[in-house]
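K.L.:
This structure is in structure tokens; I'll ask about it shortly.
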Amino acid sequence: MSQKILLTSKEVNIILHRLACQLIEKHLDFTNTILIGIQPRGKYLAERIKQLLEDEYHVKDVALGFLDITFFRDDFRRNEKPLEANKTQIDFLVEDKKVVFIDDVLYTGRSIRSALTAIQSFGRPSEIELLVLIDRRFSRHLPIQPDYRGRQVDVINNERVIVNWKQNEGEDEVLLVSKTTTNN
């Protein structure tokens, strides 16, 4: 297995600030906007974006929730090992609100499709947008595109994008990991 650094900690920080500023441009004071981190990995990006909005850009009371999509996935019963559910934490209605889904990597689009179904349990949003740190643009199975993207990368099938967060892995970075195949 080989790996290459796609984004360093400094580059991740710059991108997070840019994404926060793009959200402010569109949503101003966030009175009618809700951020929803898609479990499990979108949670960390959503928390960081909320922290930047409140601490660096002085946006007050940004609503943040976390959505588990496990039981809404179209491959839920197709996996050999059972999927582990995460916790949904949405303590507010999304009825007539602008919702921004946040996830670390947009790959096939199937997670976002699942999130679109799952969010309906909490009301009918007036609008839904998508913010991702990494957009794997040539891997889509569904016609889903981000409204806000940190970096667009071209990745082939035997490569994976790994996002590390300092609160979990000790450092913010994005890696491209490829499985090397050997012919014997």
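The values are calculated or read from the model by the stated rules, or taken from the named source; none is laboratory data. Just so you know, these numbers come straight off a predicted model, no measurement behind them. Positions of Cβ are backbone-derived with ideal geometry, glycine not excepted, and every protein chain shown enters the neighbour counts. Heavy atoms of the whole protein, side chains included, go into the accessibility calculation; ligands, DNA and RNA do not. Shrake-Rupley method; radii C 1.70, N 1.55, O 1.52, S 1.80 Å.
K.L.:
Cross-link partners among aspartates and glutamates for Lys60, C-alpha distance below 12 Å, same-chain residues fewer than 8 apart left out?
P.N.:
Within reach: Asp29.
K.L.:
Let me ask something else about it. Between [x] 1.30; [y] 1.46; [z] 1.05, which entry matches Cα Rg over 2.2 N^0.38 Å as derived from the coordinates of this structure?
P.N.:
Checking each listed value against the structure points to [z].
K.L.:
How high is the FRET efficiency from Lys26 to Thr117, r the C-beta distance, R0 30 Å, rounded to 0.05? Each step should come with its number before you reach the end.
P.N.:
On the way: r = 24 Å, r/R0 = 0.81.
With a Förster radius of 30 Å, E is 0.80.
K.L.:
At Glu84 and Ile156, where each label point lies 7 Å from the Cα along Cα→Cβ, what is the point-to-point distance in nanometres?
P.N.:
Once both label points are built, they end up 3.3 nm from each other.
K.L.:
Over the chain, average the accessible area per residue using a 1.4 Å probe and give it in Å², no decimals. Walk me through the numbers on the way to the answer.
P.N.:
Numbers: 10550 Å² over 184 residues.
Value for the chain: 57 Å² per residue.
K.L.:
7 Å from Cα along Cα→Cβ at both Asp61 and Asp147: what's the point-to-point distance in nm?
P.N.:
Each label point lies 7 Å from its Cα, and together they span 2.2 nm.
K.L.:
Here's something else I'd like to know. Please identify every one of the GluC sites (Glu not before Pro) in region 128-179 that sits in a loop by DSSP and has no more than 13 other beta carbons within 10 Å of its own beta carbon.
P.N.:
Values: sites: Glu129, Glu159, Glu169, Glu171, Glu173; in loops: Glu171.
Loop-located and lightly packed - Glu171.
K.L.:
What does the highest-first list of 147-156, 96-105 look like by mean Cβ count within 10 Å?
P.N.:
Numbers: 147-156: 16.2, 96-105: 22.8.
Result, highest mean first: 96-105, 147-156.
K.L.:
Over the chain, what is the percentage of antiparallel beta bridges among all DSSP beta bridges, to the nearest 5?
P.N.:
The antiparallel proportion sits near 35 percent.
K.L.:
Run the numbers for Val177 and Arg124: contour at 0.36 nm per residue of separation, minus the present Cα-Cα distance, in nm. Kindly include the intermediate steps, with their values, before the conclusion.
P.N.:
Working: separation 53, 0.36 × 53 = 19.08 nm, distance 3.84 nm.
Stretched out fully, the Val177 to Arg124 stretch lengthens by 15.2 nm.
K.L.:
What is the percent carbon and sulfur in the accessible area of the chain, measuring with a 1.4 Å probe over the protein chains and ignoring ligands? Please list the in-between numbers first.
P.N.:
On the way: 4890 of 10550 Å².
So the carbon and sulfur contribution to the accessible surface is 46 percent.
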